[in-house]
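Each remark here refers to the structure printed beneath this line.
The values are calculated or read from the model by the stated rules, or taken from the named source; none is laboratory data. In this text, all values refer to a predicted model and were calculated from it rather than measured experimentally. Cβ coordinates were reconstructed from backbone atoms using ideal geometry, including for glycine residues, and neighbour counts include every protein chain displayed.
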Amino acid sequence: MPTDRDPRPIYVEEQGAMIGIRGARLEARKEVTLLDSVRLIDLGQLCVRGNVGLSAQVMRELFAREVPVCWFSYGGWSTGIAEGLTKKNVELRHVQYTATSETRLALARVLVHSKIRNSKTLLRRNARQDVTGDIESMGKMAASAAAAPTVSTLLGIEGASSRAYFARFTTMISAEATCPRTRSTETVEVGAPRPIRSTPCSHLPTLCSLRISP
């Protein structure tokens, strides 16, 4: 059974159009003519350009669904954005502002400790050279991060571990690099500088958007 498409941005560009809601669909009309309509569940962002009107019902419904509304001038310049107040953001900011310095440091210790352990695991599993010394060093850094007395000390430990990890990063890269886009294989000299190549636009990911316009 096919799944529904992900929500996508909708652009309304017809000058003089009025956007309203009928049932569970968003409609764009000009006078009495229906230009187009889309399901509200398919709407991820509403973008209006130029002289396009929105009803109060549209604004309330989109805010309730956490769908932002973006306004652009007739020439395409961004002029504003409106978005409802989401409950999760309010609670998150409340916790952020009320957190003590000890609480923030404890959380940072856990994050940095886990990051170093994960880097150490990746290096141990994938390195094609002897990296025993680096793994032991990163293990000591992980232990130090879990007991760092200050944020400054923790930042220093994180930087040292990142330097150690990326210094041995090329040992995890195979000499045979496969490009998924072309499904071709080319031999790459590990550590050698790579030329910058331009990528055709046809190979870049695109976001499909429905444009309501004549």
Completion exercise
F63: passes all of (1) of a type in the set (A, V, I, L, M, F, W, C); (2) out of contact with any Leu (no Cβ under 9 Å at 6 or more places or on another chain); (3) more than 30 Å from A142 (Cα to Cα) but (2)
Problem - Count of the range 120-149 residues which are surrounded by 16 or more Cβ atoms within 10 Å (Cβ to Cβ) and either closer than 18 Å to S174 by Cα or free of Cβ contacts under 8 Å to residues at least 12 places away in the same chain (or both) - result: 3
Practice task
State whether the residues of the range 122-130 include one that is within 30 Å of T100 (Cβ to Cβ), in a helix (DSSP H, G or I) and not acidic (D, E).
Solution key: no
Completion exercise
Apart from one, (1) touching a residue at least 12 places away in the same chain (Cβ under 8 Å); (2) over 22 Å from G76 (Cα atoms); (3) in a strand (DSSP E or B); (4) not aromatic (F, W, Y) all hold for R5; the odd one out is (3)
Handout entry: Selection status of A148, more than 25 Å from the chain's Cα centre (by Cα) and of a type in the set (G, A, S)
Key = yes
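Each row is one residue, and each column tells you yes or no for (1) touching a Phe, Trp or Tyr at 6+ places or on another chain (Cβ under 7 Å); (2) among the hydroxyl-bearing types (S, T, Y); (3) surrounded by 10 or more Cβ atoms within 10 Å (Cβ to Cβ).
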| residue | (1), (2), (3) |
| --- | --- |
| D6 | no, no, no |
| Y11 | no, yes, yes |
| E14 | no, no, yes |
| M18 | no, no, yes |
| R49 | yes, no, yes |
| R65 | no, no, yes |
| L85 | no, no, no |
Problem - Residues that are surrounded by fewer than 16 Cβ atoms within 10 Å (Cβ to Cβ) and within 20 Å of G84 (Cα to Cα), drawn from the range 20-43 - result: A24, R25, R39, I41, D42
Handout entry: Pairs with Cβ under 7 Å, 6+ apart, first in the range 48-68 and modelled with pLDDT of 90 or more, second of a type in the set (F, W, Y) and surrounded by fewer than 14 Cβ atoms within 10 Å (Cβ to Cβ)
Key = R49/Y74; G50/Y74
